[in-house]
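A.B. asks: Got a structure for you, written out below as structure tokens; questions coming shortly.
The values are calculated or read from the model by the stated rules, or taken from the named source; none is laboratory data. What you are looking at is a predicted structure, and each value in this text was computed from that prediction instead of being measured. As a convention, Cβ positions derive from the backbone with ideal geometry for all residues, glycine included, and neighbour counts pool all protein chains shown.
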Amino acid sequence: MASSPTPDTKPAWVRRYPTGVPPQIEIPDRMLTELVAESVEKWGDRTALVYYGATWTYRRFWQESEGFAAALARDGIGPGDRVAIYLPNCPAYPIALFGILRLGAIAVQVSPLYIGQDLVRLLRDSEPKAIVTLEILYPNLAKVRAEHAVPIAYVGRLRDLYPWYARPFVNRVLRRQRMPTDFPEGPSIRPLRAALRTPNAPPLYRAAPSTTVAVLQYTGGTTGRPKAAMLSHRNLVANVTQANTWNTTRVSGSETLVAAIPFFHIYGLTVGMLMGLADGATVVIQTRPEIRELLRLIDRYRPTQFPGVPALYQAFNQQPDVSDFQIHSIKFCLSGSAPLPLEVARRFESLTGASLVEGYGLSETSPATHVNPVAGERRAGSVGLPLPNTEERIVDPEDPHRVLGTDEVGELSVRGPQVMLGYYHQPEETAAVLDDGWFLTGDIARIDADGYAYIVDRKKDMINVSGLKVYPREVEEVLFQHPAVADAAVIGVPDAEHGEVVKAFVVRKPGAAVTAEELTAFVRERIAHYKAPRTVEFRDSLPRSGVQKVLRRVLREPAPTPSGPS
């Protein structure tokens, strides 16, 4: 079977361009720094960053990144060296990132949630020459520097990022939470505030964008050996260009984007930060996605774009007073990182009038490969069509060289300019997923006759009930349809008779009453009986990662006593 369509059998969407976007576009042959430098030149006086009342114009943001580059160069950092960013969402993040990239150095993405061995494993793997952090996180770093010393730490103060009138309040909050209010002292510690003012900025480093690594993006969880996707300048420029082209609602130099999703994750980095900065947008930064604070930010700054994750849109929908806020400024939303339940999307759109489209991607693909059309047909349950310059195919999970046909279920494989160079110093891991530019996603999917992709589930999450395949997502979609269900996740558990059976974890809506038996019957009425949960466990909340993905591995661990009757 052919691995790609011939000219006469191309999917209809390719021929008609119903998305308003052609399948092939020109990707600028530029470094990521050059792309954003163009925004600085065009919109120097426009507000680039907003952080709880403090603002940075494009010019000021760029000057501070130049200062940081000068400080790094003074300390011996140069092309190819790694510099870790250990920060929450804040203006120091993009400033540090572009200071690092200006030198041709590589930014190492480090979750601010990491402590102890998680942090040690990542630092040992990437061996950064320097790290950027805040005083509130430095104690975590100090505890592990004996096990793995990072030569230089640039440490900022949280209060310096706020407007002057808010700084006393920030200090009071930190003291109340018994957190540090100043940066530590030591020969290997540099005050970040002073570093941003270092003179004699070096010129922009220029090299081949397709082979120059910009970011090490860690993936695969916190267990086992860390695995870092090497994302080149070309990868990131391509994905920014692809995604901004896809968003046919945008007006360059006039959008406002609220960035609640974490920058340390590739989705937050590309969609929450880079797409905006490359397009002259104002990026309103939220430290973490707390829903009440988010509503106040929306009310104050009237964003036009709101990239998020399903759990965030779900929390938005559940606010009883959401209509009291100025939510109708939002016109475009992209959902990623986890499957978007249809009921969540419909409710959000009815509240805001915005277009909420589901997309798909991975750390290894910078991240986006598919998005539902903004100005075209959105198909229920689909993650959409391939972005421009992106190829897709379904392959046999047991033999990735055997390409499957229309609507056959197998492993999704993609190829395009956003696909990583490989895993950092892990050639065997790289060879296992990359072949002739095709990347094996690890996701089970199907592609319809028009090119729309449907993610059935993660290959590793598939449940085998007496030899019959059950994909958690399809069961979860049904559970979400029940009016008493606020959140749900499904896993497989061992069973002596069937090998595995389905177990559901459910969070009930406040005040709602439903039993396990009622939920099981509800599912049985809608899909095959063997897919229905054998057991249902009620919880107050589900364990989620920093980007709000349900942590199924945690659900598979011995559970606490259920919080309510079953």
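A.B. asks: Test each condition in (1) at pLDDT 95 or above; (2) surrounded by 16 or more Cβ atoms within 10 Å (Cβ to Cβ); (3) out of contact with any Pro (no Cβ under 8 Å at 6 or more places or on another chain) for L440 and report the one that comes out false.
C.D. replies: (3)
A.B. asks: Filter segment 443-466 down to residues that are surrounded by fewer than 15 Cβ atoms within 10 Å (Cβ to Cβ) and farther than 30 Å from H498 by Cα, then give me how many there are.
C.D. replies: Total meeting the criteria: 2.
A.B. asks: While we're on this one: Considering P494, P472, which residue is modelled with pLDDT under 90, at negative phi, surrounded by fewer than 19 Cβ atoms within 10 Å (Cβ to Cβ) and not charged (D, E, K, R)?
C.D. replies: Numbers: P472 fails: surrounded by fewer than 19 Cβ atoms within 10 Å (Cβ to Cβ).
Answer to the check: P494.
A.B. asks: Take residues that are at pLDDT 95 or above and tell me which of the helices (runs of 4 or more DSSP H) falling wholly in segment 1-100 contain 1 or more.
C.D. replies: Here the list reads 32-42, 58-74.
A.B. asks: For segment 312-341, name all the residues that are small (G, A, S), surrounded by fewer than 23 Cβ atoms within 10 Å (Cβ to Cβ) and modelled with pLDDT under 95. Full working, then the answer.
C.D. replies: Taking segment 312-341 first, the residues small (G, A, S) are 315, 323, 329, 335-338.
The next check asks that each one be surrounded by fewer than 23 Cβ atoms within 10 Å (Cβ to Cβ); those that pass are 315, 323, 329, 338.
The answer is A315, S323, A338.
A.B. asks: One residue is enough: does segment 286-304 have a residue meeting the conditions under 17 Å from the mean Cα position of the chain (by Cα), closer than 25 Å to W43 by Cβ and surrounded by 24 or more Cβ atoms within 10 Å (Cβ to Cβ)?
C.D. replies: No.
A.B. asks: Taking the condition in contact (Cβ under 8 Å) with a residue 24 or more places away in the chain and surrounded by fewer than 23 Cβ atoms within 10 Å (Cβ to Cβ), does L113 pass?
C.D. replies: yes
A.B. asks: Out of all the residues in segment 414-443, which are closer than 26 Å to Q24 by Cα and touching a Gly at 6+ places or on another chain (Cβ under 7 Å)?
C.D. replies: R415, V419, L434
A.B. asks: Now a separate question. Would it be correct to say that E428 is free of Cβ contacts under 8 Å to residues at least 40 places away in the same chain, acidic (D, E) and outside the structural domain of R508 (by TED's automatic domain parsing)?
C.D. replies: Spelling it out, E428 is indeed free of Cβ contacts under 8 Å to residues at least 40 places away in the same chain, acidic (D, E) and outside the structural domain of R508 (by TED's automatic domain parsing).
A.B. asks: Let me ask you something else. Report yes if some residue within segment 77-87 is of a type in the set (V, I, T), within 26 Å of the chain's Cα centre (by Cα) and either under 20 Å from A149 (Cβ atoms) or not assigned by TED's automatic domain parsing to the domain that holds A207 (or both); otherwise report no.
C.D. replies: Looking for residues that are of a type in the set (V, I, T), within 26 Å of the chain's Cα centre (by Cα) and either under 20 Å from A149 (Cβ atoms) or not assigned by TED's automatic domain parsing to the domain that holds A207 (or both), one finds at least one in segment 77-87, hence yes.
A.B. asks: Another one. What are the residues in segment 137-150 that are part of a loop (DSSP other than H, G, I, E, B) and under 19 Å from R193 (Cα atoms), if any?
C.D. replies: L137, the sole residue that qualifies.
A.B. asks: List every residue pair whose Cβ atoms lie under 8 Å apart, where the two residues are 6 or more positions apart in sequence or sit on different chains, the first residue falls within segment 199-214 and is under 20 Å from Y424 (Cβ atoms), and the second residue, located anywhere, is among the acidic types (D, E).
C.D. replies: Close Cβ pairs (under 8 Å, with a partner that is among the acidic types (D, E)) amount to P209/D29.
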